[in-house]
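The values are calculated or read from the model by the stated rules, or taken from the named source; none is laboratory data. Every value quoted in this text rests on a predicted model; they were computed, and no experiment measured them. Methodologically, a virtual Cβ is constructed for each residue, glycine included, from the backbone with ideal geometry; neighbour enumeration extends over all protein chains shown.
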Amino acid sequence: MDKKIPLHIAFIMDGNGRWAKNKNMPRNYGHEAGAKTVEKVIKKARELGVKYITLFAFSTENWSRPQREIDSLMKLLSKTLARYNKDSKKNNTRLIISGRREKLPENILKDIDNVVESTKNNTAITVNLALNYGARQEITDAIKKLVSQGKKEITEQDISACMYQPGIPDPDLIIRTSGEKRISNFLLWQSAYSEFYFTPVLWPDFDGAELEKAVTEFQARIRRYGGI
């Protein structure tokens, strides 16, 4: 794979529930399998030379799910963060977070802060976890921040600087699994010139080979950014 590698790939990780249902298993079984896929994808992305990945882990709309499922997801997240923290030095992987802190349990916030702090100097790849995240909410928060600063004239650059993670580049490629073809309130501002790749593969079945397929298709595209 000697062509240009996307600097930043974002993932809409869809299909955990359907994957579990196909196996006559509870939804949480699918979420646990999906968490293992995250580890495989991070490893493969790092090997390919991708420098940033964003994972749509939990949206602001996901709070409408049954409380039992939310509790299971939070327990799984805590366990995953602990494992991530343990392996981060070996993998040289940095973790950052995009999203609102409110509504997240205190133990999750503590876990997040610990991992973010302990991985801040790692350089191989940055994993941006979109947690309690919504793109409209992010843009709203950015505008509120600019208004509070007394801005009278607001530019695109001003808004970009007030996104949750202004220090990382916009995604070159956005991958959505499970066959759905919509953006679902994800990175609306940052995806203005992103390439999209939709695959019918359910997230727990997505692996390094599937990521290579997506990157290969990306490499065949011509990105004009509005030009000729």
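Taking residue 121, is it surrounded by fewer than 20 Cβ atoms within 10 Å (Cβ to Cβ) and closer than 27 Å to residue 7 by Cα? Yes: the conditions hold for residue 121.
Can you tell me which of 99, 49 is farther than 24 Å from residue 17 by Cβ and either exposed (fewer than 15 other Cβ atoms within 10 Å of the Cβ) or in contact with a strand residue (DSSP E or B) (Cβ under 9 Å, 6 or more places away or on another chain) (or both)? Exactly one residue qualifies, and that residue is 49. Only residues that are more than 17 Å from residue 12 (Cβ to Cβ), under 18 Å from the mean Cα position of the chain (by Cα) and of a type in the set (Ser, Thr, Tyr) were counted across region 40-98, and they come to 5. Filter region 76-89 for residues that are out of contact with any His (no Cβ under 7 Å at 6 or more places or on another chain) and surrounded by 15 or more Cβ atoms within 10 Å (Cβ to Cβ) and give the result. Passing the criteria: 77, 78, 80, 81, 84, 85, 88.
Yes/no matrix, rows are residues, columns are (1) in contact (Cβ under 8 Å) with a residue 40 or more places away in the chain; (2) over 23 Å from residue 44 (Cβ atoms); (3) touching a Pro at 6+ places or on another chain (Cβ under 7 Å); (4) of a type in the set (S, T, N, Q):
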site	(1), (2), (3), (4)
102	no, yes, no, no
105	no, yes, no, no
109	no, yes, no, no
112	no, yes, no, no
129	yes, no, no, no
138	yes, yes, no, no
141	yes, yes, no, no
150	no, yes, no, no
154	no, yes, no, no
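Among the residues of this structure, residue 32 counts as one that is acidic (Asp, Glu), within 25 Å of residue 210 (Cα to Cα) and buried (at least 16 other Cβ atoms within 10 Å of the Cβ).
Count of region 1-32 residues, restricted to those that are closer than 17 Å to residue 200 by Cα and either modelled with pLDDT under 95 or part of a helix (DSSP H, G or I) (or both), is 8. Checked against (1) in contact (Cβ under 8 Å) with a residue 12 or more places away in the chain; (2) farther than 24 Å from residue 43 by Cβ; (3) within 17 Å of the chain's Cα centre (by Cα), residue 182 passes all but a single condition, namely (1).
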